[in-house]
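Taking it in order: structure first as structure tokens, then the write-up.
Taken together, the values in this text are just the output of simple stated rules run on the coordinates, not laboratory data. Note that the structure is predicted; figures quoted are calculated from it, not measured. Here Cβ is always computed from backbone atoms with ideal geometry, including for glycine, and neighbour counts include all displayed protein chains.
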Amino acid sequence: MISVLHPKVITDHRDGLIRAYARDPGVLGVLEPVAEFRPAAGDEVVDVGVRPDLERAVYATANSVTCLTRSGDPVWTSYLEPRSDERYGHRPGCSWSLDGRTVWVYRPDAMAGRGRGDHWVVHDADSGAVLASWELETVGHGGEHHVHPVDGSIYLDIGEGQDGSVILRGTVGPDGEPRFVTYPWDDRILIGLAPDGSQFMTVDHGQADVAFHHDPGGDVILSLSVDAFGFDPEETFMEWSGGYLTPDLAVVGVVGEDDNQEEWFRHYVVDVRTGRIDGEFAAEVANPYHLHLLGDSTWLTGDPGGHPVRRSRAR
């Protein structure tokens, strides 16, 4: 599970360890971890995050969120009460803020049987104390956090299965109080934020189009449907993958089936300034969701052992 949703830290979780990797623009190829954290034995980890200074990590299970030191000592644990006996269908999410002072937690409480709605909770990173809790009108299976690379606002994309997807934005005001906003869509999935923070990319839940939006307002800058890429929209769909290669260039995925009903996918580069499609993008991935763009003309894939591999268009 590779994650690049925090602009300062690359993380993954495999073989019982949370690993962090440096964003050194000069390093290509297989990346070596610069920090490792070991969750408690027996914990079934569903999401992880590492603080920008690489000294602490947080991880979520179905019923708790824990903050760890590098030595594996717990700093604090927040239990998602009451404990859920529902085995599947609810996956909490966690993320560090840009400055490392707070931890943001998505609680899919409705699907977990804890109540009628979900919650988005902000914790003090040092003590675990709850600074704010927002009761949501969603019934989500899981949520993915994206951290704004400039102003530090937190985006949360909540997947509600066949009912669609909801995008929210959280900020901390000058008074230190968190504030929350829900975008006016229930049918768009957040794919990524531009590295300069000027815009973000979404794909229609029904996979009909990709759109690029002004940040933070959400007004559409550019929208492209499947037929813009030369495919029949009855047979080909936008993929829920891709992101920003640079502030001005995005990578967009399409997916379909051949005559033998074998699924295929391709990625294309789009110049967001002009709307021009600049040709196919050779991502070198076996699965469209194994592509993780870093916004600096490089991207991550995985090697056969699951180690992150950094690639560049110049190589």
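Miscellaneous remarks
- Relative to its Kirkwood radius, the Cα radius of gyration of the chain gives an Rg/Rh of 0.95.
- For Ser153, Ser127, Ser198, Ser241, order by how many other beta-carbon atoms lie within 10 Å, fewest first: Ser127, Ser198, Ser153, Ser241
- The relative contact order of region 74-225 comes to 13 percent, based on Cα pairs under 8 Å that sit 6 or more residues apart.
- Ascending count of other beta-carbon atoms within 10 Å, so fewest first, for Met201, Met1: Met1, Met201
- With distances taken between every two different alpha-carbon atoms, region 1-42 has a Kirkwood hydrodynamic radius of 11.1 Å.
- Filtered chymotrypsin sites (Phe, Trp or Tyr not before Pro), region 80-121: DSSP coil and at most 14 other beta carbons within 10 Å: Tyr88
- Placing pseudo-labels 7 Å out from each Cα toward the beta carbon at Asp15 and Asp175 gives an inter-label distance of 5.0 nm.
- Under the criterion of Cα pairs below 8 Å and six or more residues apart, the relative contact order for region 8-92 equals 21 percent.
- Relative contact order for the chain, counting Cα pairs under 8 Å that sit 6 or more residues apart, in percent: 10
- Selection of GluC sites (Glu not before Pro), region 23-67, meeting DSSP coil and at most 16 other Cβ within 10 Å: Glu44, Glu55
- For region 196-270, GluC sites (Glu not before Pro) are listed when DSSP marks them as loop and at most 11 other Cβ atoms sit within 10 Å of their Cβ; the list is Glu234, Glu235, Glu262.
- Estimated FRET transfer efficiency when R0 is 22 angstrom, pair Thr274-His214 (beta carbons, to 0.05): 0.85
- Per-bin percent of Cα-Cα distances, region 1-186 [5 Å]: 1, 8, 18, 21, 21, 16, 10, 4, 1, 0
- Largest GNM mean-square fluctuation across Asp258, Asp204, Asp151, computed for the chain with C-alpha springs under 10 Å, falls on Asp258.
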